[in-house]
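**Student:** The structure's right below; bear with me while I get my questions together.
The values are calculated or read from the model by the stated rules, or taken from the named source; none is laboratory data. It should be emphasised that the depicted structure is a prediction, and the values quoted were computed from it without experimental measurement. Here Cβ is always computed from backbone atoms with ideal geometry, including for glycine, and neighbour counts include all displayed protein chains.
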Amino acid sequence: TPLQNDLSEFYTAI
Amino acid sequence: MLEARLEQANLLKKVVDAIKDLVQDCNFDCNDSGIALQAMDNSHVALVSMMLKSESFSPFRCDRNIALGINLTSLTKVLRAAQNEDILTLKAEDAPDVVNLVFESAESDRISEYDIKLMDIDQEHLGIPETEYAATISMPSAEFQRICRDLMALSESVSIECSKEGVKFACQGDIGSGSVTLRSHTNVDKPEMNVEIDLTEPVSLTFSLKYLVGFCKASSLSGQVKLCLSNEVPLLVEYALANNSYLRFYLAPKIGD
């Protein structure tokens with residue numbers, strides 16, 4: 001099963 | 001203060017129903033442009049972004065920025081008391097402890113009124129840049145829902161591959177594999193049935209079906225859904241609402257194996 005990414009790897013918190 | 005009147009309670013009922021299993025406590029950020037919400041699920045895999053523009057309300061008044069921290073389970077309980085066709089008015093003071101909801105029946109003189117206690121929610125907010133996606137697919141929302149449900153019977157993941165041949169949703173599981181391929185299609189009599197594929201470069205990404213099936217709870221809000229993909233970035237699933245309002249979901253892709 002492919003690993004699940006985390007959204008915070010793509011978008012920065014503001 | 002905030003005063004926002006919706007012609008039909010149905011819109012808010014459907015929006016809340018579509019997101020309440022993904023996120024629990026949310027700030028409804030109100031300002032003169034409308035009511036917005038952004039929240040991530042607990043695992044930080046999916047994000048919901050709602051915008052109800054001021055034009056979706058009549059009238060709409062909001063003098064200052066107000067954040068209404070609301071538990072969606074509580075909001076669901078109160079919205080159950082509204083009939084779909086009721087006129088719904090949201091009201092709040094400038095520094096509110098509660099949000100007030102009034103439901104008015106258009107057919108009778110029945111007026112019901114509820115207050116929901118507000119919460120202080122310190123929510124992480126993500127900056128999502130405007131993205132030029134490599135592939136944009138518009139398709140009937142019911143078709144997308146059907147594909148996700150059918151493939152989830154076989155696997156927990158789906159690969160979405162978009163090429164000039166069309167868009168292919170494929171999965172592999174213990175019992176076997178399956179795929180559904182759609183090509184661009186125009187239905188002159190029923191434009192809601194159109195499939196439109198706008199491709200600048202081929203894309204192939206893998207996503208969790210559990211989340212996609214959850215997003216599809218929004219299907220009753222819009223006849224069409226838009227999927228926006230670029231390699232190695234989150235998927236955008238958008239349900240467009242009247243008056244440029246929208247309900248969007250972002251989902252992080254899966255990688256490797």
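**Student:** Kindly indicate whether B:R149 is under 30 Å from B:K77 (Cα atoms), more than 14 Å from chain A (Cβ to nearest Cβ) and charged (D, E, K, R). Before the answer, list the steps.
**Tutor:** Values: under 30 Å from B:K77 (Cα atoms): yes; more than 14 Å from chain A (Cβ to nearest Cβ): yes; charged (D, E, K, R): yes.
Criteria met by B:R149.
**Student:** Next up: Any residue at all in segment B:20-27 that is surrounded by fewer than 16 Cβ atoms within 10 Å (Cβ to Cβ) and more than 18 Å from the chain's Cα centre (by Cα)?
**Tutor:** no
**Student:** Among the strands (runs of 3 or more DSSP E) lying completely within segment B:1-90, list those that include at least 1 residues that are in contact with an Asp or Glu (Cβ under 6 Å, 6 or more places away or on another chain). Can you show your working first?
**Tutor:** Working: elements: B:2-6, B:25-31, B:34-40, B:46-53, B:60-62, B:66-71.
So the answer is B:34-40, B:60-62, B:66-71.
**Student:** Look through B:S222, B:S230 and report the one residue that is in contact with a Leu (Cβ under 7 Å, 6 or more places away or on another chain), under 24 Å from B:S49 (Cβ atoms) and modelled with pLDDT of 95 or more.
**Tutor:** Numbers: B:S230 fails: in contact with a Leu (Cβ under 7 Å, 6 or more places away or on another chain).
After ruling out the rest, the residue left standing is B:S222.
**Student:** Shifting gears a bit: Checking the condition at pLDDT 95 or above, within 14 Å of another protein chain (Cβ to nearest Cβ) and surrounded by 20 or more Cβ atoms within 10 Å (Cβ to Cβ), which residue from B:M50, B:M40 passes? Before the answer, list the steps.
**Tutor:** Working: B:M50 fails: within 14 Å of another protein chain (Cβ to nearest Cβ).
Testing whether each residue is at pLDDT 95 or above, within 14 Å of another protein chain (Cβ to nearest Cβ) and surrounded by 20 or more Cβ atoms within 10 Å (Cβ to Cβ) leaves just B:M40.
**Student:** Filter segment B:186-212 down to the residues that are over 18 Å from B:E161 (Cα atoms) and not hydroxyl-bearing (S, T, Y) and list them by number.
**Tutor:** Hits for segment B:186-212 are B:N187, B:V188, B:D189, B:K190, B:P191, B:E192, B:M193, B:N194, B:K210.
**Student:** If you scan segment B:105-135, which residues turn out to be touching a residue at least 12 places away in the same chain (Cβ under 8 Å), assigned to a strand (DSSP E or B) and within 19 Å of B:V48 (Cα to Cα)?
**Tutor:** Hit for segment B:105-135 is B:L126, nothing else.
**Student:** Another one. Of the residues B:E165, B:E156, B:E124, B:E130, which single one is within 14 Å of chain A (Cβ to nearest Cβ), out of contact with any Phe, Trp or Tyr (no Cβ under 9 Å at 6 or more places or on another chain), surrounded by fewer than 14 Cβ atoms within 10 Å (Cβ to Cβ) and within 30 Å of B:H185 (Cβ to Cβ)? So that I can check it myself, show each step before the final result.
**Tutor:** Values: B:E165 fails: within 14 Å of chain A (Cβ to nearest Cβ); B:E156 fails: surrounded by fewer than 14 Cβ atoms within 10 Å (Cβ to Cβ); B:E124 fails: within 30 Å of B:H185 (Cβ to Cβ).
Exactly one residue qualifies, and that residue is B:E130.
**Student:** Output the number of residues of segment B:213-257 satisfying the condition of being within 13 Å of another protein chain (Cβ to nearest Cβ) and either farther than 26 Å from A:L3 by Cβ or not in a strand (DSSP E or B) (or both).
**Tutor:** Qualifying residue count for the region: 9.
**Student:** What are the pairs with Cβ atoms under 7 angstrom where one residue, in segment B:143-168, is within 17 Å of B:S204 (Cβ to Cβ) and in contact (Cβ under 8 Å) with a residue 40 or more places away in the chain and the other, located anywhere, is surrounded by fewer than 19 Cβ atoms within 10 Å (Cβ to Cβ) and among the basic types (K, R)? Sequence gap at least six, or different chains.
**Tutor:** B:E161/B:K168
**Student:** What number goes with the only condition from (1) over 18 Å from the mean Cα position of the chain (by Cα); (2) within 13 Å of chain A (Cβ to nearest Cβ) that B:H185 does not pass?
**Tutor:** (2)
**Student:** Now for a separate question. Can you find, within segment B:204-257, the residue that is surrounded by the most Cβ atoms within 10 Å (Cβ to Cβ) among those that are without any contact (Cβ under 8 Å) to a residue 60 or more places away in the chain and among the charged types (D, E, K, R)?
**Tutor:** The extreme case among them is B:E238.
**Student:** Could we say that B:V99 is surrounded by 19 or more Cβ atoms within 10 Å (Cβ to Cβ), on the phi < 0 side of the Ramachandran plot and out of contact with any His (no Cβ under 6 Å at 6 or more places or on another chain) here? Quick ask: steps written out before the conclusion?
**Tutor:** Numbers: surrounded by 19 or more Cβ atoms within 10 Å (Cβ to Cβ): yes; on the phi < 0 side of the Ramachandran plot: yes; out of contact with any His (no Cβ under 6 Å at 6 or more places or on another chain): yes.
So B:V99 fits the description; yes.
**Student:** Tell me, please, whether a residue that is among the basic types (K, R), at pLDDT 95 or above and crowded, with 18+ Cβ neighbours inside 10 Å can be found in segment B:88-96. I'd like the intermediate steps shown before the answer.
**Tutor:** Kept after step one, since they are among the basic types (K, R), are these residues of segment B:88-96: B:91.
Subsequent filtering for residues that are at pLDDT 95 or above retains B:91.
With the extra rule that they be crowded, with 18+ Cβ neighbours inside 10 Å, the set shrinks to B:91.
Yes, that holds for at least one residue.
**Student:** Considering only segment B:110-132, state which residues are of a type in the set (A, V, I, L, M) and in contact with a Cys (Cβ under 8 Å, 6 or more places away or on another chain). First the steps, then the outcome.
**Tutor:** Narrowing segment B:110-132 to residues of a type in the set (A, V, I, L, M): B:111, B:116, B:118-119, B:121, B:126, B:128.
B:I121, the sole residue that qualifies.
**Student:** Being farther than 18 Å from B:V237 by Cβ and out of contact with any strand residue (DSSP E or B) (no Cβ under 9 Å at 6 or more places or on another chain): is that true of B:N42 here? So that I can check it myself, show each step before the final result.
**Tutor:** Numbers: farther than 18 Å from B:V237 by Cβ: yes; out of contact with any strand residue (DSSP E or B) (no Cβ under 9 Å at 6 or more places or on another chain): yes.
Yes: the conditions hold for B:N42.
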